[in-house]
């Protein structure tokens, strides 16, 4: 099996982003988006998913956080998709339920090649630091779309928005880690009756 690593670069009039993603990492992350809580979200994702992740992003934060957050999520999703290649040997499907104090969030995903997301939160406020709470489901949806994942996220409990969003990113990391692990019983096989997860 080759190294499962990818590098994505994206430059538009609104953002300039570089993402490096190593599926088989150890949770090392260097994330610089200019948005403190967003950095925290991806650090939690990498740490608990055991991925190595580097994100360097410069965006039009004088406008608001939307373009930077959306484009970073697109790039990370593309990096996930690219790094997995033909998906041979992976577990493919996984779920995780993660608590953070009073918050409890469930993530169920399928590395299906079919982008779909259903994301249900009940946030209390409008902001977590510099992050609009409305952007948290948008980020997860963008990750699913660009990563070609089927993704279900359900808030089971919680009253603190920081805890809810962080638990979601930890759960996403843990579920993605399990789904991307290689099953020694099916080395070289695509885990699909269609025999493809990329088309």
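Quick note: the coordinates plus some simple rules give every number you see, no bench work behind them. In this text the structure is predicted, and so the values were computed from the model without any measurement. With ideal geometry, Cβ positions are generated from the backbone for all residues, glycine too; neighbour counts draw on all protein chains shown.
What number of residues in segment 31-53 are surrounded by fewer than 17 Cβ atoms within 10 Å (Cβ to Cβ) and under 15 Å from the mean Cα position of the chain (by Cα)? I'd like the intermediate steps shown before the answer.
Filtering segment 31-53 for residues surrounded by fewer than 17 Cβ atoms within 10 Å (Cβ to Cβ) gives 32, 34, 36.
Within this subset, residues satisfying the condition of being under 15 Å from the mean Cα position of the chain (by Cα) are none.
Looking only at that region, the number is 0.
For residue 140, the requirement of being within 14 Å of the chain's Cα centre (by Cα) and farther than 21 Å from residue 63 by Cα is met. Could you tell me whether residue 173 is assigned to a helix (DSSP H, G or I) and surrounded by 23 or more Cβ atoms within 10 Å (Cβ to Cβ)? Criteria met by residue 173.
One line per residue, one yes/no per condition, for (1) in contact with a strand residue (DSSP E or B) (Cβ under 6 Å, 6 or more places away or on another chain); (2) within 14 Å of residue 170 (Cα to Cα):
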site: 7; (1), (2): yes, no
site: 18; (1), (2): yes, no
site: 25; (1), (2): yes, no
site: 49; (1), (2): no, yes
site: 57; (1), (2): yes, no
site: 60; (1), (2): no, no
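Of the residues in segment 132-145, how many are surrounded by fewer than 20 Cβ atoms within 10 Å (Cβ to Cβ) and under 23 Å from residue 36 (Cα atoms)?
Number of matching residues: 5.
With the structure loaded, tell me whether residue 89 is surrounded by 18 or more Cβ atoms within 10 Å (Cβ to Cβ) and over 13 Å from residue 180 (Cβ atoms) or whether it fails that test. Spell out how you get there, then give the answer.
Numbers: surrounded by 18 or more Cβ atoms within 10 Å (Cβ to Cβ): yes; over 13 Å from residue 180 (Cβ atoms): no.
Answer is no for this residue.
Limited to segment 158-196, what total is found for residues that are more than 24 Å from residue 127 (Cβ to Cβ) and over 21 Å from the mean Cα position of the chain (by Cα)? Number satisfying all stated conditions: 14.
Kindly establish whether residue 155 is over 15 Å from the mean Cα position of the chain (by Cα), buried (at least 17 other Cβ atoms within 10 Å of the Cβ) and in a strand (DSSP E or B). Yes, satisfied.
Residues in segment 34-47 that are part of a helix (DSSP H, G or I) and more than 22 Å from residue 148 (Cβ to Cβ): how many? Quick ask: steps written out before the conclusion?
Start the filter on segment 34-47 by keeping residues that are part of a helix (DSSP H, G or I), which leaves 36-47.
Subset that is more than 22 Å from residue 148 (Cβ to Cβ): 36-40, 43-44, 47.
Result for segment 34-47: 8.
Among residues of segment 186-199 that are at positive phi, those with a Cβ under 9 angstrom from a residue that is surrounded by 14 or more Cβ atoms within 10 Å (Cβ to Cβ), sequence gap 6+ or separate chain, pair up as 188/88; 188/89.
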